[in-house]
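Accompanying notes for the structure given below.
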Amino acid sequence: MAASRKNVKILPNEAKVVETLTLLVEERAKEAISSRGTFTIGLSGGSMAKFLCSGLPTISTDWSKWKLFFCDERLVPFGDNDSTYKVYKENLIGKVALKLDQIIAIDPSMPVIEAAEDYANKVKAAFPGNELPCFDMLMLGMGPDGHTCSLFPGHKLLEEKKLIIAPISDSPKQPPCRVTMTFPVVNNTRCAVFASCGEGKAEMVQVSRRTQPTHN
């Protein structure tokens, strides 16, 4: 990981999670825009989408400098309720000064392999001259089984070293076809943020805190 310092926070409720995430994103965006002129952030669905869509409209930032990507995405039409793109479009566009073309979307009309290749090209275009993109922030969740992005325990994609964006057509969680960032990208971000709430994920959070990462 580009920055390996770890900071673990245990918060009393979901409202404090939203507040803490929001302040962190605001600080990181200000720092990135000041230093590099742009802010690149990878988004996730599920609870993380709910947290961010609740908190981001309250921050003070230069939205014109933002570029938003997806850590993973289900290969479903943009209008489908399973679409992570749909969640952010409906809850951020029109509420903050973002333009739709600042959200770099996966093309769900393509077969999954082509969709992953196409998205990899979009990511590479945003990081010219860098073989491995370095995002300012990746906002990540964690499933009860410990998966993040669409990188599931025991799946061969855990060992992927060459691709920055990979297709998955046999996801153990529906829908089966998805496009996901790989561990080399996750580990190269300037700031990776994991947020989980609820008893259903508490045990896996404790396990992950005791386990040393093995993916480079």
Task: Which numbered condition Gly143 fails, given (1) open to solvent by 10 Å² or more (accessible area, probe 1.4 Å); (2) under 23 Å from Asn81 (Cα atoms); (3) modelled with pLDDT under 95 - done: (1)
- [ ] Scan segment 37-51 and report the pairs whose first residue is surrounded by fewer than 20 Cβ atoms within 10 Å (Cβ to Cβ) and whose second residue is among the small types (Gly, Ala, Ser), with Cβ atoms within less than 6 Å and a gap of 6+ or a chain change.
- [x] Gly46/Gly141; Ser47/Gly141
Task: Among (1) part of a loop (DSSP other than H, G, I, E, B); (2) among the charged types (D, E, K, R); (3) out of contact with any helix residue (DSSP H, G or I) (no Cβ under 6 Å at 6 or more places or on another chain) - the single one Glu117 does not satisfy - done: (1)
TODO: Go through segment 1-94 and tell me which helices (runs of 4 or more DSSP H), entirely inside it, have 2 or more residues that are modelled with pLDDT of 95 or more and within 13 Å of Val193 (Cβ to Cβ).
DONE: 14-36, 46-55
Open item on the list: Residue pairs, Cβ under 6 Å, 6 or more apart or interchain, first in segment 182-195 and closer than 18 Å to Tyr119 by Cα, second among the acidic types (Asp, Glu). List them.
Closed with: Thr182/Glu160
Task: Subset of segment 68-87 (residues that are open to solvent by less than 40 Å² (accessible area, probe 1.4 Å), of a type outside the set (A, V, I, L, M, F, W, C) and either in contact (Cβ under 8 Å) with a residue 40 or more places away in the chain or in contact with a Lys or Arg (Cβ under 8 Å, 6 or more places away or on another chain) (or both)) - done: Asp72, Glu73, Ser83, Thr84
- [ ] Check Phe152, Phe127, Phe135 and return the single one that is among the aromatic types (Phe, Trp, Tyr) and either modelled with pLDDT under 95 or on the phi > 0 side of the Ramachandran plot (or both).
- [x] Phe152
TODO: Could you list, in sequence order, all residues of segment 121-179 that are farther than 23 Å from Thr40 by Cα and among the hydroxyl-bearing types (Ser, Thr, Tyr)?
DONE: Ser169, Ser171
TODO: Could you run through segment 152-164 and say how many residues are out of contact with any strand residue (DSSP E or B) (no Cβ under 6 Å at 6 or more places or on another chain) and either part of a loop (DSSP other than H, G, I, E, B) or open to solvent by less than 10 Å² (accessible area, probe 1.4 Å) (or both)?
DONE: 8
Task: Residue count, segment 98-113 (criterion: farther than 14 Å from Ser83 by Cα and either in contact (Cβ under 8 Å) with a residue 40 or more places away in the chain or open to solvent by less than 40 Å² (accessible area, probe 1.4 Å) (or both)) - done: 4
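The values are calculated or read from the model by the stated rules, or taken from the named source; none is laboratory data. Just so it is clear, the structure is predicted and the values come from calculations on it, not from any experiment. Don't worry about glycine lacking a Cβ; one is built from the backbone with ideal geometry, like all the others, and counts go over all protein chains shown. Side chains are part of the model used for accessible areas, which takes the heavy atoms of the whole protein and leaves out ligands, DNA and RNA. Shrake-Rupley method; radii C 1.70, N 1.55, O 1.52, S 1.80 Å.
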